[in-house]
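A quick write-up on the structure given underneath.
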Amino acid sequence: MSGRYEIRIAGSGGQGVILAAVIIGQAAALKEEGMNAVQTQAYGPEARGGASKSEVVIARGEIDYPKAANPNLQVILTQKACDEYSHDTAAGGTVILDDFFVSEDPKVDAEIYRLPIVKTAREVIGREIVTNMVALGTVARILELENLAKPDSIRSTILENVPKGTEELNSKAFDEGYKLMKEKK
């Protein structure tokens, strides 16, 4: 790792991209030895359906700038978000696209994975509201491979942040997302 690792999760309002990034930041900063994290977010004025992105910067040292300039990892859940944010992916980075809402691959110098994130939330879990937890499972696999965070750190942080009574649902969604990415990488 070259000092910092940038992650962006982008989609539309209501997909839980902000909570997903908060969980990544908390897991890295509070559960991983020697890691620092900062999380930022931006969203349109619409409560649901507007553009939304959330970023996390993880580093073993100090973080001098809180925003992601060239994300090493992007999880993109809508075509609009893909069109708007994919262009600044770091060379050699990773882009995970939802294969339902994203129809065109970006033209970037990165590994691109098309995964059924929304479809898994809808059809395997039965609740589209856990799309962000499926996405977090995919992120957990990448962070594990990069030696930045353990999947169990992210899972336990999820369980600390979701409403009581939804832990099993969210945990299952996380597991399904992790499995989707593990089958690819």
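Residues of segment 168-181 being of a type outside the set (Phe, Trp, Tyr) and surrounded by 15 or more Cβ atoms within 10 Å (Cβ to Cβ), which ones?
First pass over segment 168-181, keeping only residues of a type outside the set (Phe, Trp, Tyr): 168-173, 175-177, 179-181.
The answer is LEU169, ASN170, SER171, LYS172, ALA173, ASP175, GLU176, GLY177, LYS179, LEU180, MET181.
Since ALA10 meets every condition but one in (1) outside any strand (DSSP E or B); (2) at pLDDT 95 or above; (3) buried (at least 19 other Cβ atoms within 10 Å of the Cβ), which condition does it not meet?
(1)
For segment 150-169, how many residues meet the condition of being within 15 Å of the chain's Cα centre (by Cα) and either of a type in the set (Phe, Trp, Tyr) or within 21 Å of LEU77 (Cβ to Cβ) (or both)?
Step one: of segment 150-169, the residues within 15 Å of the chain's Cα centre (by Cα) are 150-151, 153-155, 157-158.
Then keep just the ones that are either of a type in the set (Phe, Trp, Tyr) or within 21 Å of LEU77 (Cβ to Cβ) (or both); that gives 151, 154-155, 157-158.
Residues that pass the stated criteria total 5.
Which members of segment 148-161 meet the condition of being buried (at least 17 other Cβ atoms within 10 Å of the Cβ) and either within 14 Å of ILE9 (Cβ to Cβ) or hydrophobic (A, V, I, L, M, F, W, C) (or both)?
Correct list: LEU148, ALA149, ILE154, ILE158.
Count, please, the residues in segment 41-58 that happen to be modelled with pLDDT of 95 or more and of a type outside the set (D, E, K, R).
4
Checking ASP152 against (1) part of a helix (DSSP H, G or I); (2) in contact (Cβ under 8 Å) with a residue 12 or more places away in the chain: exactly one of these is not met. Which one?
For ASP152, the exception is condition (2).
Looking at (1) under 20 Å from ASP152 (Cα atoms); (2) surrounded by fewer than 21 Cβ atoms within 10 Å (Cβ to Cβ); (3) out of contact with any Leu (no Cβ under 9 Å at 6 or more places or on another chain), can you tell me which one VAL57 breaks?
(2)
With respect to GLU32, determine if the residue is among the acidic types (Asp, Glu), without any contact (Cβ under 8 Å) to a residue 60 or more places away in the chain and crowded, with 16+ Cβ neighbours inside 10 Å. Steps first, answer last, please.
Details: among the acidic types (Asp, Glu): yes; without any contact (Cβ under 8 Å) to a residue 60 or more places away in the chain: no; crowded, with 16+ Cβ neighbours inside 10 Å: yes.
Considered against the rule, which asks whether it is among the acidic types (Asp, Glu), without any contact (Cβ under 8 Å) to a residue 60 or more places away in the chain and crowded, with 16+ Cβ neighbours inside 10 Å, GLU32 comes out as no.
Of all strands (runs of 3 or more DSSP E) completely enclosed by segment 69-147, which ones contain at least 3 residues that are over 13 Å from the mean Cα position of the chain (by Cα), of a type outside the set (Ser, Thr, Tyr) and surrounded by fewer than 20 Cβ atoms within 10 Å (Cβ to Cβ)? Before the answer, list the steps.
Details: elements: 73-76, 93-98, 110-115.
Per the criteria, 110-115.
The values are calculated or read from the model by the stated rules, or taken from the named source; none is laboratory data. All of these numbers come straight from a predicted model, not from anything done at the bench. Glycine gets a Cβ as well: all are built from the backbone with ideal geometry, and neighbour counts include every protein chain shown.
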